[in-house]
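Structure record follows, encoded as structure tokens.
Values in this text are rule-based calculations from the coordinates and carry no lab data. In this text the structure is predicted, and so the values were computed from the model without any measurement. No Cβ is skipped: glycine too gets one built from the backbone with ideal geometry, and neighbour counts run over all protein chains shown.
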Amino acid sequence: MGIAPLPFVIGNRAPEFVGATASGRFFSLDAQAGRPALIVPLGAVGPEAAANLLGRLIAILPQLSELGVDLLPLAPATMPFTERFSTDRSVIDLLIYLTTEPEVAFRQLDGAAVAVLIDRSARVVDAFALGEQTDISQTLASSIGRVRSSAPTIRSATAPALIIPNVASPGLCRALIDHFEASPHEAGVMASFRDGYAHAKLDESKKKRRDMELTPDSLLHAEVVSLLGARIAPEIKRVFQTDILNADRILIARYDDTGGYFRRHRDNAAPHTAFREFAVSLNLNTDEYEGGELMFAEFDDDRYNPPAGGAIVFSAALLHEAAPVTKGSRYVLLTFLGGAEAQARHAAWSESQNTKVS
């Protein structure tokens, strides 16, 4: 018995839903924004089994509160459920009756319920079956670190960079690292321009890392492109109001503690890179190295370092650098994304070069 692929897909946003408690409190997932939550759809089990499960969930409410995670038990607004819980004072303001039709009431397993952990942006972090023998607290502990936030700080300035956690699963991150190590890779070069022509320049005084291109013939390439479209492009649209239409080549890179770094630079400064709109840097193993953070000197002195599987997205025009790795090896997936105007600029540049050569 396995978790169905829809509607909860780890890494994607949870589907929108609305409902209300018996006490009349209205609920929408949009209003949950900013708070992680444990969603428990009960539509797959009968009212009595749901009552037993609710008792177990209520028992861990103090633990959830301490972790900053809200509990969202969901039930279909059907007669068996409403009659069963109409006099249960313990759930009158807790159990959310969905206004969605019952068949869409987030039933994931035949005859069993699931718990779905979402982060503060409603991205699905984990989903697990809730059997009679499931230790909910212990099972939750294995993934709670992916929704915890650092202590809040007061900022007077910050770089306009978007950090998106939980883009790639731990399994995919490890697969990309293994693919890098099993494949030929070479010293990273820089895009340069001389005498009217583009060329690749090797200069380890400015950039020192190992690169390999993730080519379309790799099975991992299709999975990465899918994630770029499903989990990063919508966030760019939401935050920067830009529709993403294309991606540049995709690289896997390794910065080593033998001096891995990339000094200050802009990613679209040369004529043949001017089409680049957004740089994407997706960390694959954040907790396995020291140093390697991104810095944006024009804005602040902070160091930006998304969690493993998380990406940082920023304008290719921003001055930035990758700090030296001081311990271990930092693996990262890199690419550039752009919209229609960027695509047109790239096409115009390519045409001009063809004309020049001919």
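What does the charge add up to near SER86, with Lys and Arg as +1, Asp and Glu as -1, over the other residues with Cβ less than 15 Å from its Cβ? Can you show the working numbers first?
On the way: positive: ARG84, ARG89; negative: GLU48, GLU83, ASP88, ASP93.
Net local charge, SER86 excluded: -2.
Would you please state which residues of region 256-291 a label at ASN246 would reach in this model, taking the label point 7 Å out along Cα→Cβ and a backbone N cut-off of under 17 Å?
268-280
With springs only between Cα atoms under 10 Å, which of GLU83, GLU213, GLU293 fluctuates most in a Gaussian network model of the chain?
GLU83
Calculate the spin-label point distance for ARG56 paired with VAL18, positioning each point 7 Å from the Cα along the beta-carbon direction, and give it in nanometres.
Between VAL18 and ARG56, the label points sit 3.3 nm apart.
What is the calculated FRET efficiency for SER143 to VAL239, with r their C-beta to C-beta distance and R₀ = 30 Å, to the nearest 0.05?
Efficiency computed from Cβ-Cβ geometry: 0.75.
By how many nm would the segment from THR78 to ARG264 grow when fully extended, if each residue of separation counts as 0.36 nm and the alpha-carbon distance is taken off? All intermediate terms of the calculation are to be shown ahead of the outcome.
On the way: separation 186, 0.36 × 186 = 66.96 nm, distance 6.05 nm.
Full extension of this stretch gives 60.9 nm more.
Once the Cβ-Cβ distance between ALA31 and GLN343 is put in as r, and R0 is 41 Å, what FRET efficiency do you end up with, to the nearest 0.05?
Working: r = 37 Å, r/R0 = 0.91.
Between ALA31 and GLN343 the formula returns 0.65.
Could you tell me which of rounded, prolate or oblate describes the chain, using a ≥ b ≥ c as the square roots of the eigenvalues of the alpha-carbon gyration tensor, with rounded for a/c under 1.5 and, failing that, prolate when a/b is larger than b/c and oblate otherwise?
Working: a/c = 2.45, a/b = 2.19, b/c = 1.12.
Cα axes put the chain in the prolate bin.
Run the helix sum for the chain: -39,500 (n - 2.57) per DSSP H stretch of 4+ residues, divided by residue count, reported at 222 nm to the nearest 500 deg cm²/dmol.
For the chain, the value works out to -6500 deg cm²/dmol.
For ALA274, what is the net charge nearby, where nearby means another residue's Cβ is under 13 Å from its Cβ and Lys, Arg count +1, Asp, Glu -1?
Overall, the nearby charge balance is -1.
What list of ³J(HN,Hα) values in whole Hz, one per residue of region 237-253 in order, does the Karplus curve 6.51 cos²θ - 1.76 cosθ + 1.60 (θ = phi - 60°) give from phi, with Gly and Pro shown as x?
4, 5, 8, 10, 6, 10, 7, 8, 10, 8, 10, 6, 4, 10, 10, 10, 10
Once Lys and Arg get +1 and Asp and Glu get -1 on their Cβ, which of PRO47, GLY68, GLN133 lies farthest toward the positive end of the dipole of region 18-146?
It is GLY68, whose Cα lies furthest towards the positive end.
Between ALA230 and SER90, what FRET efficiency follows from the Cβ-Cβ distance if R0 is 35 Å, with the result rounded to 0.05?
0.35
Relative contact order (percent) for the chain, with alpha-carbon contacts under 8 angstrom and 6 or more residues of separation?
Relative contact order for the chain comes out at 16 percent.
If you take every residue apart from ARG231 with its C-beta less than 9 Å away from the C-beta of ARG231, what net charge results, scoring Lys and Arg +1 and Asp and Glu -1?
Counting the neighbours of ARG231, the net charge comes to +1.
Excluding same-chain residues fewer than 8 positions from LYS206, which aspartates and glutamates have a Cα within less than 19 Å of its Cα?
The qualifying aspartates and glutamates are GLU186, ASP256, ASP257, ASP267, GLU293, GLU298, GLU321.
What are the ³J(HN,Hα) couplings of region 28-39, residue after residue, when phi is run through the Karplus curve with 6.51, -1.76, 1.60 and θ = phi - 60°? Round to Hz, x for glycine and proline.
Once rounded to whole Hz, the list reads 9, 5, 4, 6, 7, 3, x, 10, x, 8, 9, 8.
Taking springs between alpha-carbon atoms closer than 10 angstrom, which of GLY260, GLY131, GLY338 fluctuates most in the Gaussian network model of the chain?
GLY131
Looking only at GLY24, GLY310, GLY229, which one moves most when the chain is put into a Gaussian network model with springs between Cα atoms under 10 Å?
GLY24
For region 288-298, just list the computed ³J(HN,Hα) in residue order, Karplus coefficients 6.51, -1.76 and 1.60, θ = phi - 60°, integers in Hz, with x standing in for Gly and Pro.
Along region 288-298, the couplings run 10, 8, 10, x, x, 6, 8, 9, 10, 5, 6 Hz.
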